[in-house]
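The values are calculated or read from the model by the stated rules, or taken from the named source; none is laboratory data. Just so we're clear, the structure is a prediction, and the values are computed from it rather than from any experiment. Neighbour counts are summed over all protein chains in view; Cβ atoms, including those assigned to glycine, are modelled from backbone coordinates with ideal geometry.
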Amino acid sequence: MDLSTLTHVIAARQRSDLDALGPTVVPLAGGSELFADPRTHLEALVDLQTFGWPALTITDEGLEIAATCTLAELSRLPMQPGWVAHPLFYQCCTALFGSFKVWNVATVGGNLATSLPAGPMITLAVALDAELLVWRGSGSGSDEIVPAREFVTGNMTNVLAPGDVLRSIHVPLASLQAQTAYRKIALSPLGRSGAVLAGRVGGAAPGGDDGAFVLTVTAATLRPVQLRYPALPSIEVLACDIAAIDCWFTDAHGAADWRRAMGLLLGEEIRAELASAATNAGGRS
């Protein structure tokens with residue numbers, strides 16, 4: 001869709017170019033969501049792609065994903081030794097409601113910043129305990145590290161203030177080395193996700209336990225919900241905790257009670273899969 005009220009696009013090449021951001025000037029990354037609806041209040045865009053940030057950077061501490069990294073680039077992330085969680089990247093990319101053409105323009109940062117409940121990059125970042133680097137605006141020029149699980153606050157709401165820019169996503173090495181499991185369901189084969197869940201065993205947050213179990217529930221809830229346990233929980237404990245989630249919601253892609261039921265079903269499937277994987281790994285050691 002054309003944004004007919006725009007008068008110019010600013011090619012950002014240094015951080016000071018972001019000073020133009022405000023109520024009528026917003027960041028442009030891929031634009032797959034920005035150009036999806038009329039936004040008659042907008043007068044200009046600040047193009048983040050011209051910063052030239054490397055899409056993916058592998059370090060000794062883990063993985064750095066630029067906010068401008070496209071889903072197509074992320075889906076081609078090469079496997080690294082010990083990265084047991086590697087399949088989760090492609091799995092979450094496939095949860096995007098869009099064709100391969102959208103993959104080539106939609107960005108990881110844009111998906112997070114849009115903060116739709118069904119945003120699969122939200123699932124990925126929260127499930128892997130990622131940390132988000134936010135460049136704060138309002139002339140402060142300051143940086144803030146925000147845990148991914150705290151970034152999205154509701155349906156299309158997050159911690160970004162006007163003028164802020166999501167710069168990058170850091171995935172810690174411990175999470176990349178963890179065993180993961182993934183489930184998605186929608187009302188139609190090509191429909192927007194009604195529920196997306198991801199589980200992880202091992203790779204706990206600092207101070208955690210190598211046997212920790214983490215379950216992330218998204219798309220079915222207004223904001224991502226993470227359940228954490230020091231070890232694999234029982235069927236009953238996990239079901240009770242999923243049932244107690246208080247932000248299931250209803251829209252055209254699913255009713256709240258159906259989403260709750262799918263959360264219970266898929267959550268137990270993930271628990272059982274990771275329990276089996278842990279048993280098999282123990283048998284091989």
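Structure values in brief
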read-out: Among residues of region 86-110, those that are touching a strand residue (DSSP E or B) at 6+ places or on another chain (Cβ under 8 Å) and within 23 Å of ARG167 (Cβ to Cβ), counted; value: 9
read-out: Subset tally (residues that are under 24 Å from the mean Cα position of the chain (by Cα), farther than 21 Å from ALA148 by Cβ and surrounded by fewer than 17 Cβ atoms within 10 Å (Cβ to Cβ)) for region 240-256; value: 7
read-out: Counted residues, region 223-256 - those being of a type in the set (A, V, I, L, M) and touching a Ser or Thr at 6+ places or on another chain (Cβ under 9 Å); value: 4
read-out: Positions within region 10-38 being closer than 27 Å to LYS101 by Cα, more than 22 Å from the chain's Cα centre (by Cα) and either at pLDDT 90 or above or surrounded by 15 or more Cβ atoms within 10 Å (Cβ to Cβ) (or both), in sequence order; value: ILE10, ALA11, ALA12, ARG13, VAL25
read-out: Residue, surrounded by the most Cβ atoms within 10 Å (Cβ to Cβ), within region 146-163, restricted to residues that are in a strand (DSSP E or B) and in contact (Cβ under 8 Å) with a residue 24 or more places away in the chain; value: VAL152
read-out: Selection status of ASP241, of a type in the set (Asp, Glu) and farther than 21 Å from PHE97 by Cβ; value: yes
read-out: Odd one out for THR57 among (1) surrounded by fewer than 17 Cβ atoms within 10 Å (Cβ to Cβ); (2) within 18 Å of ASP143 (Cβ to Cβ); (3) out of contact with any Ser or Thr (no Cβ under 9 Å at 6 or more places or on another chain); value: (3)
read-out: Options PHE97, PHE89; residue that is assigned to a loop (DSSP other than H, G, I, E, B) and surrounded by 15 or more Cβ atoms within 10 Å (Cβ to Cβ); value: PHE97
read-out: Qualifying residue in region 48-71 (condition: touching a residue at least 40 places away in the same chain (Cβ under 8 Å), within 18 Å of LEU166 (Cβ to Cβ), charged (D, E, K, R) and not assigned by TED's automatic domain parsing to the domain that holds ARG167); value: no
read-out: Subset tally (residues that are crowded, with 24+ Cβ neighbours inside 10 Å and assigned to a strand (DSSP E or B)) for region 106-136; value: 2
read-out: Among (1) on the phi < 0 side of the Ramachandran plot; (2) surrounded by 14 or more Cβ atoms within 10 Å (Cβ to Cβ); (3) modelled with pLDDT of 90 or more - the single one GLY62 does not satisfy; value: (1)
read-out: Qualifying residue in region 258-270 (condition: touching a Lys or Arg at 6+ places or on another chain (Cβ under 9 Å), free of Cβ contacts under 8 Å to residues at least 60 places away in the same chain and of a type in the set (Gly, Ala, Ser)); value: no
